[in-house]
Every structure is written in C-alpha cells, then in structure tokens.
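Q: Sending over a structure as structure tokens; questions will come in a sec.
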Amino acid sequence: MEGAYMQALLGILFSAVLSENFILVKFYGICPFMGVSKKIDTALGMGMAVTFVMALASAACYGVNLVLEALELQYMQTVVFILVIASIVQVVEMFLKKSVPALYKALGVFLPLITTNCAVLGVALVNVQAGYDFLLSVVNGAAGGLGFTLAIVLFASIRERVDKSECPQAFKGFPIALITAGLMALAFMGFSGMKIF
Amino acid sequence: MKFKDHFKEGLLTKNPVTVQLLGMCSTLAITTSLFNGLGMGLAVTVILICSNVLISALRKVIPSQIRIAAYIVIIAGFVTIVDLLLQAYLQALSESLGVFIPLIVVNCIILGRAEAFASKNGVLASALDGLCQGFGYTVALVIVCVIRELLGSGTFGGGILNGGEGIRIIPEGFPAMQMVMPVGGFLVLGFVIAGSQWLMRRLERRNKKKEAV
C-alpha cells in the first residue's frame, strides 16, 4: 500500500477516535450517550453494538451510493441510507439471535435503538461527502464506533460516581450529566492540538 | 385537548428538549448562532407538522407491525424535500447546518411524536401537536443559541442582524471561545435544563399553595 494512503488511513483512525470524537466533538449519537450510560456494562454493550453496525453500515452505504450515483439519484441518499441502515439492524438482530445467542443476549436490547442513532446515518453521509473509498469508509465507521464506545464507557463510569454525590435539586439527573459530559468534552479538546500526521 | 394546554405542554411541561430530552444531537451541535437555531427550529417544525399530518391521515392504513419503518420513510421523504428547498433558496443556512439537516430523519422528536401522538389522534389535533412541539423545540434551541453566542462570540443575532455579523455586546477579545465549541454546548444545555426544572418546580409549588388556600 502507498505511504500517503496509509497516512490518510491512520489519520482517519486517530481523529475519529480522539480529536474528532463522534460524541464529544461532533455531537453524533447524543441520545444513546445520555440514555444508556447509567451503568458501565450496558454502556460497553451499546458501544460494541454501535461499532459493529457503523462499520457494516459504512460498507453497505458505500455500495448503495455507487448505485445511486450510476442512476443519478443522489438526492434520494437520505431516504435510501436510512432504509439500508434499518434493514442492516434488522438482519444483524435476526442473525445474532439464530447463530450467536450469547452475543445476542449481550447486544439484543440495544440493536433496535441503533436505527435512530444519528452516529450511524451521520457516518454514512459524511463518508459520501468526504469522498472516501471503500476501505476508508469502513475504517471511518469502525473508528467512529470505537470513539463512541470510549466516550460512553468513560462517561458511564463517571456517572456511576456522580449519581452517589450530592448536588443541587434542580441539577439532579440530566443537567449534571450534561455538565459532566461538558467537562469531558473540554478534556477531549486537548487532543485537537495533536496532529499525528 | 385545547390549544392552550397543547401550547403549555410543548413550551414547558413537556418541552421536547428540556423535559423529554429528545433531539439532543442537533440541540448541541448547531446552537452557535441565532440564525442556526431559528433555521433548525423552523425546519424541524415544518417537517414535524407535515409528518404528523400524513401519519395521522394514514394511521388506519399502515399495518402496526411495519409502522416504524413506514414512519421513517415518510419522515425521510419530508426531510429530503426540506433539505433540497434549503439548498435551493437558503444556501447559507444549508451550509452552516451541514449534515445535521439530513440527520433530522433520526431526530427522535419527530418519530417520537409520530408514535406517541399522530398514530392515535386525528389530523387536526396532530397538526396542532406538531406546531406546539415544534415551537417548544425552537424556543429551547433559541435560548441555548442566545446564551452560547453571547458568551462565546459576544454577539447577538449572528447570521441575521447587522449584515450577518450580529450586534456586538461584549467587546472583541473578551468572549470565551470555548462556549461556541462542543464544551459550551454541553454546559449551557445543562444549565438551561436545570433552569427549566427549577421553574417547573416553582410553578408546581405555587399551584399547590393556591389549592391549599
């Protein structure tokens, strides 16, 4: 593989996980980030499920987009992509249920939620806009998912501790969680100065 | 339900952003200037009204097993229409909101109202519900925008007033840049939600006092 291509690949990998973290910098997928982050194990399960679906969706949407381009139907992107993602989620759910019951038990409850996770549709749209090829798209999807997992697991572990502390009545629940996330975003801003390549 | 009750629900007691915590992605991502907030709010309101009306009109035709998929297709259709219209007539807005316009498809407010309200109620009531919920969303967005813009860029009405530059309130060099960056989104929304919780508890207490008297 060429050096420049390799660099682009690693650049996408690092920026999607750290400096351009999908949740804390780009704000994709805040709903599950807030909703499924009360316990570390569920957060990890959600993160894994999202990573898996994001990589698959990036691959599938790359292919679908080629078809759309050939037919000059690019304006149908949003509609078609969301349908593709919804069917991928459905197929993954059925496949896991039949052949990997253990994994299904761990991820099952999170899968239906993923259809409306904007990280998945977001990565598919961003891949097309940036003009990534097949490999770069898949790497961007998977790395975005890893970034999501990293953020949600860290956040869940802080939240477990914060829930036990006292805080003003009006800030109980979501407000304090949002402020926690804000401080995490501040920490992740530190990565933005880091240019590896 | 009366218009007043709907309105109060959308604006305060069941506000999509501050109470139901739906559609957080766009709330956090694009609230950096008044222009963005108003534009996003209006786009979502229009889509919400249209999809509520259509879903409510079709509620007896759509089989319940595939209703979610059907809703998503309907919503995605309207989102595409709005996206193309914005690209054609309001290019500045379309550029500054970027990928968050197509992402309205997965904004849980719209799917949530479809499932919770439009699938069970008549066309007119659903349109009204869409209008009120959309209005509540817009108001919440605008509040977050105004605070973030003031603290972060020191201006008011960026993108609309004063030839797009906004009216400068805090002199240059003083505003905290971080407030228009991701950090500010989380912090300001946290404080806005805390404020609305405080306000609601106060109103509740006052109502109880009235009843006691």
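No lab work stands behind these numbers, since they all come straight from the coordinates. A quick note: this is a predicted structure, and the numbers were derived from the prediction, not measured. Ideal geometry is used to build each Cβ from the backbone, glycine not excepted, and the neighbour counts take in all protein chains shown.
Q: With B:Cys132, B:Cys108 as the choices, which residue is over 19 Å from A:Gly122 (Cα atoms) and either touching a residue at least 24 places away in the same chain (Cβ under 8 Å) or surrounded by fewer than 20 Cβ atoms within 10 Å (Cβ to Cβ) (or both)?
A: B:Cys132
Q: How many residues are more than 21 Å from A:Gln74 (Cα to Cα), within 14 Å of chain A (Cβ to nearest Cβ) and of a type in the set (Ser, Thr, Tyr) when one looks only at the stretch B:53-92?
A: Adding up the residues that qualify gives 1.
Q: Can you pull out every residue in the stretch A:17-64 that is more than 23 Å from A:Val92 (Cβ to Cβ) and assigned to a helix (DSSP H, G or I)?
A: Hits for the stretch A:17-64 are A:Leu18, A:Ser19, A:Met34, A:Ile40.
Q: If the requirement is being more than 21 Å from A:Val120 (Cβ to Cβ) and surrounded by fewer than 24 Cβ atoms within 10 Å (Cβ to Cβ), which of these qualifies: B:Leu97, B:Leu93? Show your work before the answer.
A: Values: B:Leu97 fails: more than 21 Å from A:Val120 (Cβ to Cβ).
The match here is B:Leu93.
Q: Going by what's in this entry, would B:Gly158 be described as over 18 Å from the mean Cα position of the chain (by Cα) and touching a residue at least 60 places away in the same chain (Cβ under 8 Å)? Quick ask: steps written out before the conclusion?
A: Values: over 18 Å from the mean Cα position of the chain (by Cα): yes; touching a residue at least 60 places away in the same chain (Cβ under 8 Å): yes.
So B:Gly158 passes the test.
Q: If we keep just the residues of the stretch B:1-37 that are part of a helix (DSSP H, G or I), of a type in the set (Gly, Ala, Ser) and within 14 Å of chain A (Cβ to nearest Cβ), which is farthest from B:Asp129 (Cα to Cα)?
A: Taking the stretch B:1-37 first, the residues part of a helix (DSSP H, G or I) are B:3-13, B:24-29, B:34-37.
Subset that is of a type in the set (Gly, Ala, Ser): B:10, B:26, B:29, B:37.
Those left that are additionally within 14 Å of chain A (Cβ to nearest Cβ): B:26, B:29.
Working: B:Ser26: 21, B:Ala29: 25 Å.
Taking the candidates together, the pick is B:Ala29.
Q: On to the next question. Go through (1) under 16 Å from B:Gly195 (Cα atoms); (2) of a type in the set (Val, Ile, Thr); (3) in a helix (DSSP H, G or I) and name the single condition B:Val44 misses.
A: If we test B:Val44 against (1) under 16 Å from B:Gly195 (Cα atoms); (2) of a type in the set (Val, Ile, Thr); (3) in a helix (DSSP H, G or I), just (1) comes out false.
Q: Then there is this: Exactly one of these conditions fails for A:Leu146: (1) under 17 Å from B:Gly190 (Cβ atoms); (2) more than 14 Å from chain B (Cβ to nearest Cβ); (3) surrounded by 14 or more Cβ atoms within 10 Å (Cβ to Cβ). Give me its number.
A: All conditions are met except number (1).
Q: May I pose another question? Out of the stretch A:93-114, which residues are among the aliphatic types (A, V, I, L, M) and surrounded by fewer than 19 Cβ atoms within 10 Å (Cβ to Cβ)?
A: Of all residues in the stretch A:93-114, those among the aliphatic types (A, V, I, L, M) come to A:94, A:96, A:100, A:102-103, A:106-107, A:109, A:111, A:113-114.
Result: A:Met94, A:Val100, A:Ala102, A:Leu103, A:Ala106, A:Val109, A:Leu113.
Q: Would it be correct to say that A:Phe155 is aromatic (Phe, Trp, Tyr), on the phi < 0 side of the Ramachandran plot and within 19 Å of the chain's Cα centre (by Cα)? Break it down stepwise before answering.
A: Numbers: aromatic (Phe, Trp, Tyr): yes; on the phi < 0 side of the Ramachandran plot: yes; within 19 Å of the chain's Cα centre (by Cα): yes.
Yes; evaluated as a whole, the condition is true for this residue.
Q: Of all residues in the stretch A:141-163, which are within 25 Å of B:Ser196 (Cβ to Cβ) and of a type in the set (D, E, K, R)?
A: A:Arg159, A:Asp163 - these are the residues of the stretch A:141-163 that are within 25 Å of B:Ser196 (Cβ to Cβ) and of a type in the set (D, E, K, R).
Q: Of (1) assigned to a helix (DSSP H, G or I); (2) without any contact (Cβ under 8 Å) to a residue 24 or more places away in the chain; (3) crowded, with 21+ Cβ neighbours inside 10 Å, A:Gln90 satisfies all except one. Which?
A: Of the numbered conditions (1) assigned to a helix (DSSP H, G or I); (2) without any contact (Cβ under 8 Å) to a residue 24 or more places away in the chain; (3) crowded, with 21+ Cβ neighbours inside 10 Å, the odd one out for A:Gln90 is (3).
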